[in-house]
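**Q** Shown below is the structure under consideration.
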Amino acid sequence: MPGLRDSVAADPAADDLLILVDLADREIGAEPKLACHLNGHLHRAFSVFLFDGNRVLMQRRALGKYHSGGLWTNSCCSHPRAGEKLTQAVPRRLEQELGVTGVACREAGVFCYRAAFPNGITEYEMDHVFVGKWAGAPAADPAEVMDWRWADAAEVAARLSAHPKEFTAWLPGALPLAFAAAGVRW
């Protein structure tokens, strides 16, 4: 697809080898990021939610992202690289995307979803959801994040229910796991 390869190539993580998994989340191989998404192969991913009390840090994905640009989502999300543990990937991407360091995150659960996008990309992910406590203003990378805000958990859940097209495809699966693990009211 014209332009897709260019937009992914502009992503510094475009050449990352993603971890292919089976439906039991067992590692079965590795594949370059673009090929994995064009082929729609199941791979390991993670979604991070940062909380300050009952507030959650939400980000709006940069328009230049190769899918879901301009949509609201959780604090940070990405993929562990082949040979990288989730506990290494989470802090790496928090720093790269948001400029956030020193946050202790714990896994809240895992779910699987599949979403196809008009540009030929398919996200088929075993998504590990992480939560952490943090307060502050992120130093977000504009290539990753076009906007961010702290939002009341109940308001996020209500907005997602009323206007799902404003949010990423993985948020409906990740949000309940994160909110339950963080003990927030929603």
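The values are calculated or read from the model by the stated rules, or taken from the named source; none is laboratory data. Just so you know, these numbers come straight off a predicted model, no measurement behind them. Here the Cβ is made from the backbone with ideal geometry for all residues, glycine too, and neighbour counts use every protein chain on show. Note: accessible area is taken over every heavy atom of the protein model, side chains too, but ligands, DNA and RNA are not part of it. Shrake-Rupley method; radii C 1.70, N 1.55, O 1.52, S 1.80 Å.
**Q** Out of region 88-118, which residues are open to solvent by 20 Å² or more (accessible area, probe 1.4 Å), more than 10 Å from HIS128 (Cα to Cα), in contact with a strand residue (DSSP E or B) (Cβ under 8 Å, 6 or more places away or on another chain) and of a type in the set (Val, Ile, Thr)?
**A** VAL103
**Q** Moving to a separate point now. Taking the condition of a type in the set (A, V, I, L, M, F, W, C), modelled with pLDDT of 95 or more and in contact with a Pro (Cβ under 6 Å, 6 or more places away or on another chain), does LEU42 pass?
**A** On the way: of a type in the set (A, V, I, L, M, F, W, C): yes; modelled with pLDDT of 95 or more: yes; in contact with a Pro (Cβ under 6 Å, 6 or more places away or on another chain): no.
For LEU42, the condition - of a type in the set (A, V, I, L, M, F, W, C), modelled with pLDDT of 95 or more and in contact with a Pro (Cβ under 6 Å, 6 or more places away or on another chain) - is not met.
So that you can scan it fast, the table gives a plain yes or no per residue for (1) at pLDDT below 95; (2) open to solvent by 40 Å² or more (accessible area, probe 1.4 Å); (3) not small (Gly, Ala, Ser):
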| position | (1), (2), (3) |
| --- | --- |
| VAL8 | yes, no, yes |
| LEU18 | no, no, yes |
| VAL21 | no, no, yes |
| ALA30 | no, yes, no |
| LEU34 | yes, no, yes |
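**Q** Sort out which residues of region 93-126 are of a type in the set (D, E, K, R) and in a strand (DSSP E or B), and write them in order of number. So that I can check it myself, show each step before the final result.
**A** Taking region 93-126 as the starting set, the residues that turn out to be of a type in the set (D, E, K, R) are 93, 95, 97, 106-107, 114, 123, 125.
Across region 93-126, the qualifying residues are ARG106, GLU107, ARG114, GLU123, GLU125.
**Q** Which of the residues belonging to region 39-77 are of a type in the set (D, E, K, R) and either crowded, with 21+ Cβ neighbours inside 10 Å or assigned to a strand (DSSP E or B) (or both)? Don't jump to the end; show me each part of the working.
**A** First, the residues of region 39-77 that are of a type in the set (D, E, K, R): 44, 52, 55, 60-61, 65.
Residues satisfying the conditions are ARG44, ASP52, ARG55, ARG60, ARG61.
**Q** Something else about it: If ALA157 satisfies all but one of (1) closer than 30 Å to ARG26 by Cβ; (2) at pLDDT 95 or above, what's the number of the condition it fails?
**A** (1)
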